[in-house]
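Comments concern the structure below.
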Amino acid sequence: MRGSMRFSMLACVIAACTLTACSAPAPPASEQAQAQGADTTQVTADTWSQPARSTDQPAPGESTAPAAPEVTPAAFVDKVWRVKSSSAVEADTVYAFLADGTLVIDSPNGTPMHGQWRFEGGKLTMIEEGQSYPTDILRLDASELHLRSHNPGTPVDIVLTLAPNESLPKAK
């Protein structure tokens, strides 16, 4: 008999614990007072007729991150640019994007390298030693050209300044 009594008590304790765990806690008194005094109806926007949109992209008119500058090759072609700073290119290296598509890179401690460049669909590609590198034009004005070349591994940032007193190199 004692065993069945223990079982009954244990069953009651389990049932009480289960009911306590399943019931929601009472809101604080301040919330109860607000709920009793609030006779206003909550109004929400009727959006059933609007198409669903992703929250990954801002809606038209919402502010976005600054876009890349609108660039035409005329803004940087047939000019001599000197490396001011870079994450991988030696300072004072000279870049020239010639109108015929030749890219001349001349470092202070090396021989000039001739590659190619192309600008298609608003995108710059630099081709060095047969390897194509998509290159972002991050900033371009009358005196500065900021590039990000997507080389294998880490992208290379290059800040170039116009070198107006330098003569334009010849294509090979």
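When each of ASP100, ASP106 is tested for being touching a residue at least 60 places away in the same chain (Cβ under 8 Å), more than 14 Å from ALA74 (Cα to Cα) and not hydrophobic (A, V, I, L, M, F, W, C), the lone residue that passes is ASP106.
Whenever a residue of the range 160-172 is more than 15 Å from GLY115 (Cβ to Cβ) and among the aliphatic types (A, V, I, L, M), its partners that are assigned to a strand (DSSP E or B) and open to solvent by 100 Å² or more (accessible area, probe 1.4 Å), lying with C-beta atoms within less than 8 angstrom and at least six residues away or across chains, give the pairs LEU160/LYS84. Examine the range 129-152 for a residue that is among the aromatic types (Phe, Trp, Tyr) and within 25 Å of the chain's Cα centre (by Cα), and state whether such a residue exists. Yes, that holds for at least one residue. The set of residues from the range 117-133 being open to solvent by 70 Å² or more (accessible area, probe 1.4 Å) and part of a strand (DSSP E or B) comprises ARG118, GLU120, LYS123, GLN131.
A search for C-beta distances below 6 Å between a residue of the range 116-144 that is closer than 18 Å to LEU160 by Cα and any residue that is among the basic types (Lys, Arg) and not in a loop (DSSP other than H, G, I, E, B), counting only pairs 6+ apart in sequence or on different chains, returns THR125/ARG118; ASP136/ARG148; LEU138/ARG148.
The values are calculated or read from the model by the stated rules, or taken from the named source; none is laboratory data. Nothing here was measured: the structure is a model prediction, and the numbers come from that model. Reconstructed Cβ throughout: ideal geometry from the backbone, glycine too, with neighbour counts over all protein chains shown. Ligands, DNA and RNA are stripped out before the accessible areas are found, and what is left, the full protein with its side chains, is counted by its heavy atoms. Shrake-Rupley method; radii C 1.70, N 1.55, O 1.52, S 1.80 Å.
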